[in-house]
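Visitor: Take this structure first; my questions come after.
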Amino acid sequence: MPPSPAPFYPAPVRRRWPRIVLGLAVLFALAYFFLPQFEAWLAPHEAVPRTVTARGDLAADEQSTIELFEKARDSVVYISTAQRVRDVWTRNVFTVPRGTGSGFVWDDAGHVVTNFHVIDGAAQATVKLADGRDYPAALVGASPAHDIAVLKIGVGFKRPPPVPIGTSHDLKVGQKVFAIGNPFGLDWTLTSGIVSALDRSLPNERGGPPIEHLIQTDASINPGNSGGPLLDSAGRLIGINTAIYSPSGASAGIGFAVPVDTVMRVVPQLIATGRYIRPALGIEADDTLNQRLVGATGIAGVFVLRVLPGSAAEKAGLTGVRMTAAGIEAGDIILAVDGKPVESLPKLLARLDDYQVGDTVTLSVRQGEVTRDVKLTLQPGA
């Protein structure tokens, strides 16, 4: 028998499309990657000027902010201070820079208002105006309790304009505010924000009662802003930027300003007499002991320890602690001034600071279980 034919198997078909697709993908990727280089090589090597897009008018709030800054700028000053140091080897005394701060022009007589801590400990201060002129400054007076100081410069001609004065008793949380100053030595810097809170208090770094009635703002306030003006949207002075709350030392969105109502009471006295005389009742009280008595009795007020002879408090009939045969007899407890509570001695001092010497106030006074109203004319403090 003839041999059987070998089985026939057709040759396998080679599918080329996967390789074609892969090659096209690689070519596309290379072209995409090198296309900008090819375009740059083929493009003419000439800079084509761009057409400026018309901006249009500034927004109304932008324009008002620009106008506010331009009007207020000339009333703001740059303050640099220096101190004297003695070389331990040669014993020679020389002057070195101490720090910088801000301030503002108060009147046409050359008075400049700033923070007390800006010039505290300085041997000399120089005031630079917005037009570049420098003047040596003399200290007129200061009130460390309010962190306010007044300097004077001798401007003979082209005097800078005083800053317009506003009010702070009618401020509302949410109002726009603007701060102008020299943070970190960057002169005439404008920041903006709102009134974040009112009637804040801060410990006084130099001792004594806390600084009360402060305005809190989120406008950026940094070292060097101290002493500069805080303005409302009308460009009026509503406060002096005085402190920041910041763990890092830079602005954290919480700044504080001494209200202009306080400035209006303090600055005229500093100009006239060189010091601020606080209105007083003529009593003696102790804050540490007062806190203990408030905690022990549950009565929030100021416990009068002693009434000074011949004082306004004595004339009004207030009494202090007395020694009797039965032991110690408590004196009067002041609960309020003109209806405003005074739960501590610092709060009482802050309430009295809203008045002037010679003003008459009504005290709510408790003696035992009886509460009475006492009218008293404020006297000069010590």
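Visitor: For PRO309, what charge total do you get from the other residues with a beta carbon under 12 Å from its beta carbon, if Lys and Arg give +1 and Asp and Glu give -1?
Guide: That works out to 0.
Visitor: Quick one: which residues, 5+ away or cross-chain, put their amide H under 5 Å from the amide H of GLY253? H built at 1.01 Å from N.
Guide: Long-range HN contacts for GLY253: ILE221.
Visitor: Using a Förster distance of 22 Å, how high is the FRET efficiency between ASP108 and THR167, based on the Cβ-Cβ distance and rounded to 0.05?
Guide: Approximately 0.55, to the nearest 0.05.
Visitor: While we're looking at this one, here's another question. Could you give each residue of the stretch 113-130 its phi-based ³J(HN,Hα) in whole Hz, using Karplus coefficients 6.51, -1.76, 1.60 with θ = phi - 60°, and x for Gly or Pro?
Guide: These are the phi-based 3J(HN,Hα) values: 9, 8, 7, 5, 5, 5, 10, 4, x, 7, 8, 7, 9, 10, 10, 10, 7, 5 Hz.
Visitor: Could you tell me the calculated FRET efficiency between LEU186 and LYS158, based on Cβ-Cβ distance and R0 = 30 angstrom, to the nearest 0.05?
Guide: So, using R0 = 30 Å, E works out to roughly 0.75.
Visitor: Between their Cα atoms, which of LYS152/LYS347; LYS176/LYS347; LYS176/LYS340; LYS152/LYS172; LYS347/LYS375; LYS172/LYS347 are more than 24 Å away from each other?
Guide: LYS152/LYS347; LYS176/LYS347; LYS176/LYS340; LYS152/LYS172
Visitor: Arrange the peptides 235-245, 306-316, 99-109, 286-296 so that the one whose residues have, on average, the most other Cβ atoms within 10 Å appears first.
Guide: Packing proxy ranking, top to bottom: 235-245, 99-109, 306-316, 286-296.
Visitor: Here is a further query. Once phi is turned into θ = phi - 60°, what whole-Hz ³J(HN,Hα) does the Karplus curve with 6.51, -1.76 and 1.60 give for every residue of the stretch 144-155, x standing for Gly and Pro?
Guide: x, 5, 10, 6, 10, 9, 10, 10, 9, 10, x, 8
Visitor: Would you compute the Debye intensity of the stretch 70-152 from its alpha-carbon atoms alone, equal scatterers and no solvent, and pass along log10 I(q)/I(0) at q = 0.14, 0.19, 0.27 Å⁻¹ to two decimals?
Guide: Once normalised to I(0) and log-transformed, intensities are -0.49, -0.80, -1.33.
Visitor: If you add up the charges near GLY239, with Lys and Arg at +1 and Asp and Glu at -1, over every other residue whose beta carbon is less than 12 angstrom from its beta carbon, what do you get?
Guide: Working: positive: ARG200, ARG236; negative: ASP147, ASP232, ASP261.
Overall, the nearby charge balance is -1.
Visitor: Mind checking the full-extension length gain between ALA300 and GLN175? Use 0.36 nm per residue of separation minus the Cα-Cα distance, one decimal, nm. Write down the numbers at each step before the final one.
Guide: Numbers: separation 125, 0.36 × 125 = 45.00 nm, distance 3.30 nm.
Length difference between fully extended and current span is 41.7 nm.
Visitor: Another one. Based on the Kirkwood radius over alpha-carbon pairs, what is the Stokes-Einstein translational diffusion coefficient of the stretch 279-380 at 25 °C with 0.890 mPa s viscosity, in µm²/s? Don't jump to the answer; show the numbers that get you there.
Guide: Values: Rh = 13.5 Å.
For the chosen part, D equals 181 µm²/s.
Visitor: List every residue whose amide H lies under 5 Å from the amide H of VAL140, counting only residues 5 or more places away in sequence or on a different chain, with H placed 1.01 Å from N in the peptide plane.
Guide: HN-HN under 5 Å from VAL140: VAL150, LEU151, LYS152.
Visitor: Just to confirm a number: summing +1 for Lys and Arg and -1 for Asp and Glu over residues other than ILE283 whose beta-carbon lies under 15 angstrom from that of ILE283, what do you get? Can you show the working numbers first?
Guide: Working: positive: ARG278, ARG306, LYS315, ARG322, LYS347, ARG351, ARG366; negative: GLU284, ASP286, ASP287, GLU314, ASP332.
Cβ neighbours under 15 Å give a net charge of +2.
Visitor: If you don't mind, there's one more thing I want to ask. Can you tell me the Rg and the Dmax, both Å, for the Cα atoms in the stretch 160-284?
Guide: Final numbers for Rg and Dmax: 14.8, 47 Å.
Visitor: Could I ask something else about it? Give the cross-link partners of LYS158 among the lysines, using a straight C-alpha distance below 21 Å as the criterion and excluding same-chain residues fewer than 8 apart.
Guide: LYS71, LYS128
Visitor: Could you pull out every residue, at least 5 positions away or on a different chain, whose amide H is within less than 5 Å of the one on ALA243? Hs are placed 1.01 Å off N in the peptide plane, and Pro or chain starts have none.
Guide: Residues meeting the amide H criterion: PHE256.
Visitor: What are the ³J(HN,Hα) couplings of the stretch 182-188, residue after residue, when phi is run through the Karplus curve with 6.51, -1.76, 1.60 and θ = phi - 60°? Round to Hz, x for glycine and proline.
Guide: So the J values, rounded to whole Hz, are 10, x, 6, x, 7, 5, 6.
Visitor: Between GLU314 and GLN291, what FRET efficiency comes out of the Förster formula 1/(1 + (r/R0)^6) with R0 = 22 Å and r the beta carbon distance, rounded to 0.05?
Guide: Calculated value: 0.30.
Coordinate-derived values only; no laboratory data. Since the structure is predicted, the reported quantities are computational estimates derived from the model, not experimental observations. All Cβ positions, even for glycine, are placed from backbone atoms using ideal geometry, and neighbour counts span all protein chains on display.
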